[in-house]
């Protein structure tokens, strides 16, 4: 087992990994840029190292060597799906907690992933000339909705291609784009898979990810509401995901994404070769710690269970809480958090990286936290999430909490009538976004504001770390 692991990420996912490491008795090393000097993930780690950028492979490896880390956990985003980073870790003799660099390279290219999945027996969406119109243009090295354009007519193809290719080049350094048949009103369903280095592969059920804005997931849940209508769909999709992963020689955590229609057909979309943002909903319905499982597998342990031993219990829903203003076209809302009241109670989990007084930077993704609710039924989980959202107050900035309150009250969502265009349709109806905490929570928020208010600092607004901490790297001095 590892003695010390460096976490090559920031925010709530870095904190999430740190907590599991502490439970396992493994020391954690955080990395941070100047913007994140006072971030919570830095304060909670055992050690920390300053780097110029979370995308600097050389700086992260140097930090790992300097702190004698045995392994690196990449989290998600940044370098988590960069095959050069995984290969650099392998060459340096530092364990990369994830799949091999070969598997990342193979499945990181959407065109190569389609080929591998097809050869492995997974159904794929028609592409090229076989696609016909409408089509979706997609970046070969893409993700997160970048480099994607819908094209309904052949005469619009050239302009859409130039636009998608330019955006892909800026985002990924690769301007290649391909065309794929657009399956309208499809569900976006993903399968969580895990493999060990001994050839064992299992799936951990599905996550419904159809509630999206601009191709970015907003709400995720497990199980998918469609499984109650098509009882055999989970196993068929799970086996297709395993076939695709096996064809890529895959091990560790991965997610195989599919589009599914209302007739029981589904098609391979892509594979994410990392831990997903929405992994907590799978943890809550399976009872597994996926980060711990990642670490054990990276250390060479076999999977501790078989497919037959995997079960799903209850229902879980996740809302991604962002610093943005939904009433102002979701404009980013960076700034200082003056008050903070967080939800709790039975079945409520909050993966968060914020605290009162922290300044939300504009430099990085504006996600503040992930709020997850679990209950025995989907209906109960929705009501529990609404209660938790009503208790959540972040003062000083705008958040998208009112968006989630509107979605969870929408009859179509409550029925489970979901597809990838659902949220766009809902937003077109005109949502009256609530800007104040719901009564009687406003009184609680006011109380919290009074208790957490601090006088304006006379020193620089960015908290400074003690000079001794910078040389020793001991985060205990920050506590």
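Every read-out reported here was derived from the displayed coordinates using simple, explicitly stated rules and does not represent laboratory data. Everything numeric here is computed off the predicted structure, so don't read it as measured data. Counting neighbours? That spans all protein chains shown, and the Cβs are built from the backbone with ideal geometry, glycine included.
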query = What FRET efficiency, computed as 1/(1 + (r/R0)^6) with R0 = 35 Å and r the Cβ-Cβ distance, is obtained for residue 215 and residue 1, rounded to the nearest 0.05?
reply = 0.35
query = Of the beta bridges DSSP finds with both residues in the chain, what % are antiparallel, to the nearest 5?
reply = 80 percent
ask   = For the stretch 115-230, what's the radius of gyration and Dmax over Cα atoms, in angstrom?
value = 16.4, 51
task = Using every pair of alpha-carbon atoms in the stretch 4-97, split the distances into 5 Å bins beginning at 0 and state the percent of pairs per bin, rounded to integers.
result = 3, 16, 30, 28, 17, 6, 0
key: Between the stretch 406-425 and the stretch 81-132, the Cα center-to-center distance that results, in Å   = 32 Å
note = Exposure-ranked with fewest Cβ neighbours within 10 Å first, 226, 42 stand as 226, 42
ask   = How high is the relative contact order of the chain, in percent, counting Cα pairs under 8 Å that sit 6 or more residues apart?
value = 15 percent
message = Between residue 246 and residue 432, what is 0.36 nm times their sequence separation minus the Cα-Cα distance? Round to one decimal in nm.
response = 62.2 nm
ask   = Where the centre of each part is set by its Cα atoms, how far does the stretch 248-262 sit from the stretch 371-405, in angstrom?
value = 28 Å
request  = Fewest Cβ neighbours within 10 Å first, please rank 218, 285 accordingly.
outcome  = 218, 285
query = In the calculated pair distance distribution of the stretch 187-428, what percentage of Cα-Cα distances lie above 34 Å?
reply = 17 percent
remark   = Fewest to most Cβ atoms within 10 Å: 286, 429, 273 sort as 429, 286, 273
ask   = Between residue 169 and residue 425, what is the FRET efficiency for a Förster distance of 35 Å, r being their Cβ-Cβ separation, to the nearest 0.05?
value = 0.65
ask   = What order, most packed first, do the peptides 260-270, 395-405 have when packing is the mean number of other Cβ atoms within 10 Å of each residue?
value = 395-405, 260-270
inquiry  = Once you keep just the Cα pairs under 8 angstrom separated by 6 or more residues, what percentage relative contact order results for the stretch 126-181?
reply    = 47 percent
request  = State the volume of the convex hull built on the alpha-carbon positions of the chain, expressed per residue in Å³ and rounded to an integer.
outcome  = 148 Å³
query = How large is Rg over Rh for the stretch 126-181, taking Rg from the Cα atoms and Rh as the Kirkwood inverse mean of 1/r across Cα pairs?
reply = 0.95
